[in-house]
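Only one structure is covered here, and it is reproduced in the block below.
The values are calculated or read from the model by the stated rules, or taken from the named source; none is laboratory data. Since the structure is predicted, the reported quantities are computational estimates derived from the model, not experimental observations. Cβ coordinates were reconstructed from backbone atoms using ideal geometry, including for glycine residues, and neighbour counts include every protein chain displayed.
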Amino acid sequence: MRSTMQDAQLTIGSLMKHGTTVHGDSEVVTATSDGTRSQTYAELGKRAARLANGLRSLGVEGDQRVGTFQWNNAEHLEAYLAIPSMGAVLHTLNIRLFPQQLVYIANHAEDQVVIVDDSLVGLLAPHLPEMETVHHVLVAGPDAASADLDSLRSSGKEVLLYEDLLAEQSDEFDWPELDERDAAAMCYTSGTTGNPKGVVYSHRSAWLHSQAVSTGNVGGLSFHDRVLPIVPMFHANAWGLAYAALMSGASLCMPDRWLQAEPLCRFMNESKPTVSGAVPTVWNDVLGHLDRFPDRKPASLRLILCGGSAVPVSLQKALQDRHGLLVRQAWGMTETSPVASAGMPPVGIEAEGEWSYRGSQGRVLCGVEGRIVADDGSEQPWDGRAVGELQVRGPWVTASYYESDDPDVDQKFDDGWLRTGDVGSIDELGYIRLSDRAKDVIKSGGEWISSVDLENALMAHEDVVEAAVIGIPDEKWDERPLASVVVREGASLTPAELREFLSKDFAKWQLPDAWAFIDEVPRTSVGKFDKKVLRRWYAEDEIAVEKAD
Ligand code: ADP
């Protein structure tokens, strides 16, 4: 028997319509160099229509991709709404990618138009000539007119001011009826090695994920809230907070490029967010600032969502005990939209016992299923002890990667489950506890560094015999790379020389700042680099580490 229910499509367009009409009085506030600027959701809806008309006039049709190279601000939000709702696909370009990867993803996705913030023109311009499919660039932001537009024009692309384009358009758009399973947005994730891989979100997956993020087990959002996504909109959709806010009518506070503790605290005191989301590095920085200036506490904040890396209990305790700020850990990946689990403690737990749960990655959200699979492929019991790889599946978990050229891509999936590359256990109450990472990557300040890419680059040096890179704990960045290098007999190398050598292929923040010169890299029984031994050597001070930055 079929239901009698209507078959309305779960689209970004419907979410936008709800947010910009029913909650037309909510607002998006964006930080500026000397204060804030704001517009209501009703105005946002009109400007999204203008943007859609403008993009159509530039030839954007069907499911073509439109790239954004933007901070978290009102214009980026307009793109988040207009592009998927007109049937095109929003491609958020990660401004922190190494240039070769940035060019690769723009070409792989075949971006037609790129919207760039005035403050990011200098970062985009050198790479624009190589972005083959891009024909127009729109420069957004209050200082767009004084940006170096010639540096963009020298690429041969048409360059327009975002506001000039919008000014010519109608604030009505004939939004098409879309299929909820069609592509709405895409995001590339850099893996262990090789080219980044594209994850394509559907309207339906974004819709369901936003609802899950809005529930009490994660953000508990309502139109009485004001949401501050510090996690970038160019990285895993700002954890879905932008769409979740439109859905629940919560106002949005956008920090733009001011992500240091001091301007962030000032912005929080001005814009009065109730819920915010960012990686531990940011909250660590905020903690240090508040310890020095306790009166700058963002008193409006009722909840901090934190994830992207393990969230130390010590950080959560310090923010709570010293500044009354409540932290909730969440876990996820670009591949899982990204939020898949969150760490609210169970009912009836005494104060101290609670921390064991708050230090965990939490319980999966309804819609997501999780399991632990051991090396031999067997599914493990939920007993809090059996350890294996965490695998997940569900309607906002990717089932493949977009036209990937990685020959090993099938190994990322196991019988319909996504293999996360995260290792841990699940306890009797369903709490996930991650203890290790099977994938060979380092996460520094929320962004990836591939240890394998660093090793390959180092081993290309004529005086390097072998090199192995591991992540080591870092108070500020969560993790930083340590390179252990075997130097050719008779040769001598310094960390500074090797950093210089690597700098042609890596961004400065990706270069190892800890170095060890060793006689040989330890190996497993099958001859692979044994990184567990390297980690133990480091933890037990068995290798001499030199710092260089
Ligand atoms: P995001 O940074 O948005 O979570 P990425 O796809 O860049 O998305 O990174 C996902 C990976 O980050 C996970 O597979 C895991 O290794 C790590 N990660 C994310 N959240 C946590 C967490 N709460 N605890 C431990 N590791 C985490």
Looking at 428, 403, 447 in this structure, which one is touching a residue at least 40 places away in the same chain (Cβ under 8 Å), within 11 Å of the ligand (Cβ to nearest atom) and acidic (Asp, Glu)? 447
Filter segment 222-253 for residues that are part of a loop (DSSP other than H, G, I, E, B) and touching a helix residue (DSSP H, G or I) at 6+ places or on another chain (Cβ under 9 Å) and give the result. 222, 223, 225, 230, 231, 232, 233, 234, 235, 249, 250
For segment 277-296, check the following and say yes or no: at least one residue is in contact with a Ser or Thr (Cβ under 8 Å, 6 or more places away or on another chain) and within 11 Å of the ligand (Cβ to nearest atom). yes
Given 463, 436, which one is touching a strand residue (DSSP E or B) at 6+ places or on another chain (Cβ under 7 Å), surrounded by fewer than 18 Cβ atoms within 10 Å (Cβ to Cβ) and under 24 Å from residue 278 (Cα atoms)? 436
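Which residue, of 310, 299, is part of a loop (DSSP other than H, G, I, E, B), under 18 Å from the mean Cα position of the chain (by Cα) and either within 13 Å of the ligand (Cβ to nearest atom) or surrounded by fewer than 19 Cβ atoms within 10 Å (Cβ to Cβ) (or both)?
310
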Cβ-Cβ below 7 Å, separation at least six or inter-chain, first residue in segment 272-299 and among the small types (Gly, Ala, Ser), second modelled with pLDDT under 95 and surrounded by fewer than 23 Cβ atoms within 10 Å (Cβ to Cβ): which pairs? none
Would you call residue 362 closer than 27 Å to residue 279 by Cα and either of a type in the set (Asp, Glu) or touching an Asp or Glu at 6+ places or on another chain (Cβ under 8 Å) (or both)? no
Single residue of 483, 544 found to be on the phi < 0 side of the Ramachandran plot, more than 29 Å from the chain's Cα centre (by Cα) and free of Cβ contacts under 8 Å to residues at least 40 places away in the same chain: 544
Given the condition surrounded by 22 or more Cβ atoms within 10 Å (Cβ to Cβ) and more than 30 Å from residue 264 (Cβ to Cβ), answer yes or no: does some residue in segment 66-84 qualify? no
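Matching residues to (1) at pLDDT below 95; (2) closer than 21 Å to residue 189 by Cβ:
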residue: 353; (1), (2): yes, no
residue: 366; (1), (2): no, no
residue: 387; (1), (2): yes, no
residue: 418; (1), (2): no, yes
residue: 421; (1), (2): yes, yes
Going by the structure shown, is residue 369 surrounded by fewer than 17 Cβ atoms within 10 Å (Cβ to Cβ), over 17 Å from residue 437 (Cα atoms) and more than 28 Å from the chain's Cα centre (by Cα)? no
